[in-house]
Amino acid sequence: MDRQQEFVLRTIEERDVRFVRLWFTDVVGSLKSVALAPAEVEGAFEEGLGFDGSSIEGLARVFESDMLAQPDPATFQILPWRGETEQTSRMFCDILTPDGEPSAADPRNVLKRTLAKAADMGFTCYTHPEIEFYLLKSHEPGPNGAPVPVDEGGYFDHVPGGVAQDFRRTAVTMLESVGISVEFSHHEAGPGQNEIDLRYADALQTADNIMTFRTVIKEVALQQGTYATFMPKPFTDHPGSGMHTHFSLFEGDSNAFYEAGAEFQLSKTARQFIAGILKHAPEFTAVTNQFVNSYKRLWGGGEAPSYLSWGHNNRSALVRVPLYKPGKGQSARIEYRGIDSAANPYLAYAVLLGAGLKGIEEGYDLPAAAEDDVWSLSSAERRAMGHDPLPASLHDAIRSMEDSELMPQILGEQVYEHFLRNKRAEWQDYRLQVTPYELQRNLGIL
């Protein structure tokens, strides 16, 4: 038994932890949980916990349903919202086949495989997400059919006595108590919209942190009599909720994206990484923007990026290179602005990183940076500059993913097929719906 496992068992005993929750995700990133009695944890470390994988979306086919959940002791945390008495803890799990091999269908394993490939190329990947969400009075819509936000605040607004301020203070305190470092938090542009930015960490830890973050935010909202949603675009007239993520690659202690004296201080590695992301973005958009509603955000304005472009501190670009601070070469990074808050973080980071690594492997050339506001250009101007559009709907994104050679390589055939099957079913369900918009527009005149 290793030292981390011993620490977990000792903590469970010393803190009188009564329940140990084992967490993992299905193919679309829904959190799954099973509670273990403390006496069973040592056995789970040694042999894993058996369960029926065929009941979990995308995990196993019926004829190979036996799976094992193997807890990762490095992710052990006490869950503060469960209270001080009869304490509850959690660990993230890796999913194994009955013979103890990593499951090809486990989203966490998909990201681990991509990070292992990066390591083989000499890189460690660090990520820093900016997570937006809406705080609503209830999950039920209001009298006009739209959700009801908790306030009418705007970007960076300080709302005296505001619900959101109390909410953010409690949420940040709770996040830090489960080992998630927060860089800053503020009111976003939409009414009731908030943003909390997590401090940078390696990509696997960040993905685990995002899953914990969503749970904490939901729990704090429920405790305060409100409702938090990560839906990409809950309002027609207000901005959607993104999860802009900053990426950097390190070679040992050195930032591989930084080159003193180069244009924007960007190294050749960084330029090839951006080129890889831009080239393959249409193929992976179904993963980073996985719901029908995601495309209402991408094409609904409000600073959402809709075109393949990159720029230096250009917030209309899909990939932004933040301003370089003198003497801060280690902080050189790129920001991908397309991803939304509802993505499966394991798969989303795997495809983004995998596309960037492909650019480095193949030596892709980076097109010219977008100097202008991409949204204000005409269609002809965008075409002339090579700013092709992202997929305009989930249907278009599925088609691009189906035509991709790279996505099945990154995701593995099993996750790739299960994911596409799930998304095709969602699109088919959506296609058949008669919406309030159609009834309002057509019923009285047709």
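The values are calculated or read from the model by the stated rules, or taken from the named source; none is laboratory data. Computed from a prediction, not measured in an experiment: that's the story for all the values here. As a convention, Cβ positions derive from the backbone with ideal geometry for all residues, glycine included, and neighbour counts pool all protein chains shown.
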Filter result for the condition that a residue is at pLDDT 95 or above and surrounded by fewer than 24 Cβ atoms within 10 Å (Cβ to Cβ), over F230, F235, F264, F247
F230
The conditions are (1) at pLDDT 95 or above; (2) surrounded by 18 or more Cβ atoms within 10 Å (Cβ to Cβ), and G122 fails exactly one of them. Which is it?
(2)
Count - residues of region 13-48 that are within 20 Å of E84 (Cα to Cα), charged (D, E, K, R) and within 28 Å of the chain's Cα centre (by Cα):
1
Out of curiosity, is A171 of a type in the set (A, V, I, L, M, F, W, C), more than 19 Å from E335 (Cα to Cα), in contact with a Phe, Trp or Tyr (Cβ under 6 Å, 6 or more places away or on another chain) and outside any strand (DSSP E or B)?
no
For residues in region 186-199 being hydrophobic (A, V, I, L, M, F, W, C) and part of a strand (DSSP E or B), which is farthest from F291 (Cα to Cα)?
L198
So, first residue at pLDDT below 90 in region 432-444, second residue not in a helix (DSSP H, G or I), Cβ within less than 8 Å, six or more apart or across chains; the pairs are P436/G145
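Only one of A397, A350, A380, A355 is hydrophobic (A, V, I, L, M, F, W, C) and either outside any helix (DSSP H, G or I) or surrounded by fewer than 24 Cβ atoms within 10 Å (Cβ to Cβ) (or both); which? First the steps, then the outcome.
On the way: A397 fails: either outside any helix (DSSP H, G or I) or surrounded by fewer than 24 Cβ atoms within 10 Å (Cβ to Cβ) (or both); A350 fails: either outside any helix (DSSP H, G or I) or surrounded by fewer than 24 Cβ atoms within 10 Å (Cβ to Cβ) (or both); A355 fails: either outside any helix (DSSP H, G or I) or surrounded by fewer than 24 Cβ atoms within 10 Å (Cβ to Cβ) (or both).
Of the residues listed, the single one that is hydrophobic (A, V, I, L, M, F, W, C) and either outside any helix (DSSP H, G or I) or surrounded by fewer than 24 Cβ atoms within 10 Å (Cβ to Cβ) (or both) is A380.
Among the candidates A370, A392, single out the residue that is in the same structural domain as I131 (by TED's automatic domain parsing), farther than 30 Å from F92 by Cα, surrounded by 23 or more Cβ atoms within 10 Å (Cβ to Cβ) and of a type in the set (A, V, I, L, M, F, W, C). Walk me through it before giving the result.
Values: A392 fails: surrounded by 23 or more Cβ atoms within 10 Å (Cβ to Cβ).
Only one candidate passes the filter, namely A370.
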Among residues of region 364-379, those that are under 27 Å from the mean Cα position of the chain (by Cα) and not acidic (D, E), counted:
7
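Would you check if there is a residue in region 249-257 being assigned by TED's automatic domain parsing to the domain that holds Y336 and within 19 Å of the chain's Cα centre (by Cα)? Walk me through how you get there before you give the answer.
Keep residues of region 249-257 that are assigned by TED's automatic domain parsing to the domain that holds Y336, which gives 249-257.
Restricting the remaining residues to those that are within 19 Å of the chain's Cα centre (by Cα) gives 249.
Within region 249-257, one or more residues are assigned by TED's automatic domain parsing to the domain that holds Y336 and within 19 Å of the chain's Cα centre (by Cα).
Tell me whether region 110-119 contains one or more residues that are loosely packed, with under 12 Cβ neighbours inside 10 Å and either of a type outside the set (S, T, N, Q) or part of a strand (DSSP E or B) (or both). Before you say what the answer is, go through the steps one by one.
Step one: of region 110-119, the residues loosely packed, with under 12 Cβ neighbours inside 10 Å are 116, 119.
Okay, now just the ones that are also either of a type outside the set (S, T, N, Q) or part of a strand (DSSP E or B) (or both), so 116, 119.
The answer is yes, given that some residue of region 110-119 is loosely packed, with under 12 Cβ neighbours inside 10 Å and either of a type outside the set (S, T, N, Q) or part of a strand (DSSP E or B) (or both).
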Within region 1-50, restricting to residues that are among the polar types (S, T, N, Q) and under 27 Å from Y346 (Cα atoms), the one that is surrounded by the most Cβ atoms within 10 Å (Cβ to Cβ) is T25
